[in-house]
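Novice: Below is a structure I'd like to ask you about.
The values are calculated or read from the model by the stated rules, or taken from the named source; none is laboratory data. Because the structure is predicted, anything quoted here is derived from the model rather than measured. We place every Cβ from the backbone using ideal geometry, glycine too, and count neighbours over all the protein chains shown.
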Amino acid sequence: MLNNKSQPIQGITSCTTYDNGNLKECKVNKPNIIHTNYGALTPHFSSPDERKKDMKALSFYENGKLKSIALEDRQKIKTPIGTLTAEMMTFHENGAIDSLFPTNGQIGFGWSLDDEAKITEKYDFQFPFGEFSARIIGLRFYESGQLSSLILWPGEIVKIETPVGTIPVRIGFKLYENGTLQSVEPAHPIILDTPIGSVTAFDYTALGMDADFNSIGFDEEGNLSTITTNSDFVIKNLNSSQRETVYQHLRLDMLSDNYLKVPTSIYFDRDQVTFKTNENNFTYTTKDNKFLILYDGNYLDGACSPSDCSECVGC
């Protein structure tokens, strides 16, 4: 662990501080050695180039302990799931690793995702729910050292054994602290049996930079607990014959200026079903209602081509 009061940082070119005067974050232009629980690390100090821009080198918690470090060069780091290469790391306040990123190039003019992919290596992973080799964007860990989530590189798809069967997974997956699956993001639409009928699980709007929120979720006992779906729903009350409709809502796509349908998330809790849209929550009981699922597959019109999986939505 690092306390920046007892280990002065050399060559600071810009910085911010907390109200107590402790260093919050900084850029440097001289070599420094930062001692951590994972070895001696050298923060980024060299001049910007086409891949590494003028980036923040270090950040700290208010008590002076290390929060994040962008490394000058990729270094081998021994993690709780094996030794991996790191170019960016973050830490919990207790000094345990919070996240690890094998590469940290800034995509933009002069450096593309394809360029970054060429220097990104594949790793072999072994879990109780599957073994696979894949390139990754990063890993996240609990304070205890247990793996929290794994973020796959764009276009990577792996097969995972889940409580509802073998599922091809893109983007990544999240685990409970005991190592059981909490959620996965399917690589293509998956039809699942649920308390309200057969629902197609998929989220074409899922962000590829975070595997903490996925379309298929489980509780710690392995029961299906959440689904995200491109569907609308008609709910008929069996006692009154009243009908209600839950629609996917719209949001503006900032890249195309077109409106996109925002998938609906469904939460299952015993005999209760909650539909969560981007505007409202609607809760019903399975014993008092019948559910009609209206699946909408129009998003497939925008699926990527087989030759370009950088923005794959499950073609």
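Novice: Of E87, E93, E143, which residue is surrounded by 12 or more Cβ atoms within 10 Å (Cβ to Cβ), modelled with pLDDT of 95 or more, in the same structural domain as I167 (by TED's automatic domain parsing) and charged (D, E, K, R)? Give the steps one after another, and end with the answer.
Specialist: Values: E87 fails: in the same structural domain as I167 (by TED's automatic domain parsing); E93 fails: in the same structural domain as I167 (by TED's automatic domain parsing).
Going through E87, E93, E143 in turn, just one is surrounded by 12 or more Cβ atoms within 10 Å (Cβ to Cβ), modelled with pLDDT of 95 or more, in the same structural domain as I167 (by TED's automatic domain parsing) and charged (D, E, K, R): E143.
Every residue, every condition in (1) more than 28 Å from L139 (Cα to Cα); (2) in contact with a helix residue (DSSP H, G or I) (Cβ under 9 Å, 6 or more places away or on another chain); (3) not in a strand (DSSP E or B), yes or no:
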site	(1), (2), (3)
S198	yes, no, no
F213	no, no, yes
E221	no, no, yes
T228	no, no, no
D232	yes, no, no
T245	yes, no, no
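Novice: Part of a loop (DSSP other than H, G, I, E, B) and either within 12 Å of the chain's Cα centre (by Cα) or aromatic (F, W, Y) (or both) - does that describe any residue in segment 168-187? I'd like the intermediate steps shown before the answer.
Specialist: Step one: filter segment 168-187 for residues part of a loop (DSSP other than H, G, I, E, B), giving 176-180, 187.
Right, trim to either within 12 Å of the chain's Cα centre (by Cα) or aromatic (F, W, Y) (or both) and you get 176.
There is at least one residue in segment 168-187 that is part of a loop (DSSP other than H, G, I, E, B) and either within 12 Å of the chain's Cα centre (by Cα) or aromatic (F, W, Y) (or both).
Novice: Additional query: If D212 meets every condition in (1) over 15 Å from P168 (Cα atoms); (2) acidic (D, E); (3) without any contact (Cβ under 8 Å) to a residue 40 or more places away in the chain apart from one, which number is that one?
Specialist: Evaluating D212 over (1) over 15 Å from P168 (Cα atoms); (2) acidic (D, E); (3) without any contact (Cβ under 8 Å) to a residue 40 or more places away in the chain leaves (3) as the failure.
Novice: Filter segment 97-124 down to residues that are among the aromatic types (F, W, Y) and surrounded by fewer than 18 Cβ atoms within 10 Å (Cβ to Cβ) and give me whichever is nearest to Y142 (Cα to Cα). Even if it seems obvious, please write down each step before you answer.
Specialist: Narrowing segment 97-124 to residues among the aromatic types (F, W, Y): 101, 109, 111, 123.
Then keep just the ones that are surrounded by fewer than 18 Cβ atoms within 10 Å (Cβ to Cβ); that gives 109, 111.
Working: F109: 35, W111: 32 Å.
Here the residue is W111.
Novice: While we're looking at this one, here's another question. Closer than 22 Å to P154 by Cβ and touching a Cys at 6+ places or on another chain (Cβ under 8 Å), is that true of A206? Explain how you work it out, then say what you get.
Specialist: On the way: closer than 22 Å to P154 by Cβ: yes; touching a Cys at 6+ places or on another chain (Cβ under 8 Å): no.
No; evaluated as a whole, the condition is false for this residue.
Novice: All but one of (1) crowded, with 19+ Cβ neighbours inside 10 Å; (2) closer than 18 Å to S265 by Cα; (3) of a type outside the set (F, W, Y) hold for T162; state the number of the condition that does not hold.
Specialist: All conditions are met except number (2).
Novice: Further, regarding this structure: Report yes if T228 is surrounded by 19 or more Cβ atoms within 10 Å (Cβ to Cβ) and of a type outside the set (F, W, Y), otherwise no. Can you show your working first?
Specialist: Details: surrounded by 19 or more Cβ atoms within 10 Å (Cβ to Cβ): yes; of a type outside the set (F, W, Y): yes.
For T228, the condition - surrounded by 19 or more Cβ atoms within 10 Å (Cβ to Cβ) and of a type outside the set (F, W, Y) - is met.
Novice: Residue pairs, Cβ under 9 Å, 6 or more apart or interchain, first in segment 58-81 and not assigned by TED's automatic domain parsing to the domain that holds D19, second among the basic types (K, R) and part of a loop (DSSP other than H, G, I, E, B). List them.
Specialist: none
Novice: Mind checking which residues of segment 28-66 are in contact with a Phe, Trp or Tyr (Cβ under 6 Å, 6 or more places away or on another chain) and hydrophobic (A, V, I, L, M, F, W, C)?
Specialist: Passing the criteria: V28, L66.
Novice: For segment 219-237, state whether one or more residues are in contact with a Lys or Arg (Cβ under 8 Å, 6 or more places away or on another chain), β-branched (V, I, T) and free of Cβ contacts under 8 Å to residues at least 12 places away in the same chain.
Specialist: Among the residues of segment 219-237, not one is in contact with a Lys or Arg (Cβ under 8 Å, 6 or more places away or on another chain), β-branched (V, I, T) and free of Cβ contacts under 8 Å to residues at least 12 places away in the same chain, which makes the answer no.
Novice: Evaluate the following for F268: is it surrounded by 15 or more Cβ atoms within 10 Å (Cβ to Cβ), in the same structural domain as D203 (by TED's automatic domain parsing) and at pLDDT 95 or above?
Specialist: Working: surrounded by 15 or more Cβ atoms within 10 Å (Cβ to Cβ): yes; in the same structural domain as D203 (by TED's automatic domain parsing): yes; at pLDDT 95 or above: yes.
So F268 passes the test.
Novice: Could you tell me how many of the residues in segment 247-264 are without any contact (Cβ under 8 Å) to a residue 40 or more places away in the chain, in a loop (DSSP other than H, G, I, E, B) and within 15 Å of E279 (Cβ to Cβ)? So that I can check it myself, show each step before the final result.
Specialist: Just the residues of segment 247-264 that are without any contact (Cβ under 8 Å) to a residue 40 or more places away in the chain, to begin with: 247, 249-259, 261, 264.
From what's left, in a loop (DSSP other than H, G, I, E, B): 247, 253-258.
With the extra rule that they be within 15 Å of E279 (Cβ to Cβ), the set shrinks to 247.
Result for segment 247-264: 1.
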